[in-house]
Amino acid sequence: MKILKRILLIIGIIVAAVLLTALFVSNEFSLTKEVLINKSRQEVFNYAKLIKNQEQYSVWVMKDPNIKIEYTGTDGTVGAKSAWVSKDKNVGVGEQEIIELKDGESIKTEIRFKEPFEGTNHAVTKLEDAGNGQTKVISAFSGKSTYPMNIMNLFMNSFVGNDMQTNLNNMKANLEK
């Protein structure tokens, strides 16, 4: 009985510590990654604005060979959407919609996750001339988490950052072929 009480006490202390820590963690998160691509800004923009091209560079799309994706609207324009369903818990269920385009400069999408967790986040891809026919691609991902799930914001770079960088590296490889 003493062992059970100690185990419950330890679990209680751990839960309390996590909940207390979450009180001091921001509800908002933001990650930024970048890559230099040896193509013109317009060429990179024309590739990046097409949601369907994510099948060729997004690790999240490529994780599940059985993913089901439905595209609606005119790809590469405001209002175009992709909705996905995957049994892989790392991919889940959700949709992405282009909500803003600035020709040759930026693409903003809203990503609505449904499973395994619900949430709405934003992704922005910005393009800058880097000289010598090169383009600097800056990928930003941001959102909000409610208490106590905001504790996960401390680990967001580990969860998402590496994949964001891989996506950019894949895009670079595809465009520089």
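Read the figures in this text as sums done on the coordinates, not as results from a lab. Only a predicted model underlies this, so the values are computations on that prediction, with no experimental measurement involved. Glycine gets a Cβ as well: all are built from the backbone with ideal geometry, and neighbour counts include every protein chain shown.
Among the listed pairs K39/K114; K87/K108; K81/K136; K5/K114; K87/K144, a Cα-Cα separation exceeding 32 Å is found for K39/K114; K5/K114. Note that the stretch 89-95 has calculated 3J(HN,Hα) couplings of 4, 7, 10, x, 10, x, 8 Hz, one per residue in order, obtained from phi through the Karplus relation 6.51 cos²θ - 1.76 cosθ + 1.60 (θ = phi - 60°); glycine and proline are x.
Kindly state, to the nearest 0.05, the FRET efficiency for T32 paired with I11, given R0 = 35 Å and r defined as their beta-carbon distance.
On the way: r = 37 Å, r/R0 = 1.05.
Computed FRET efficiency for T32 and I11 comes out at 0.40.
Annotation for the stretch 110-173: chymotrypsin sites (Phe, Trp or Tyr not before Pro) lying in DSSP loop with at most 14 further Cβ atoms inside 10 Å of their Cβ are F117. Across the alpha-carbon set of the chain, the Rg to Rh ratio works out to 1.09, Rh being the Kirkwood radius.
Ordered by the count of other Cβ atoms within 10 Å of each Cβ, fewest first, S40, S139 give S40, S139.
Across the stretch 27-175, the mean sequence separation of Cα contacts (distance under 8 Å, 6 or more residues apart), normalised by length, yields a relative contact order of 32 percent.
Considering only S106, N46, L36, the residue lying farthest towards the positive end of the dipole of the stretch 27-175 is L36, judged by Cα position with unit charges set on Cβ. Loop exposure criterion: GluC sites (Glu not before Pro), DSSP state outside H, G, I, E and B, at most 14 other Cβ atoms within 10 Å. Applied to the chain, the longest stretch between such sites is 1-104.
When only alpha carbons are used to place a centre, the stretch 140-177 and the stretch 95-116 end up 14 Å from one another. Comparing I111, I14, I67 in a Gaussian network model of the chain (Cα springs below 10 Å), the most mobile by mean-square fluctuation is I14. Going from the fewest other Cβ atoms within 10 Å to the most, the residues R41, R6, R112 appear in the order R6, R112, R41.
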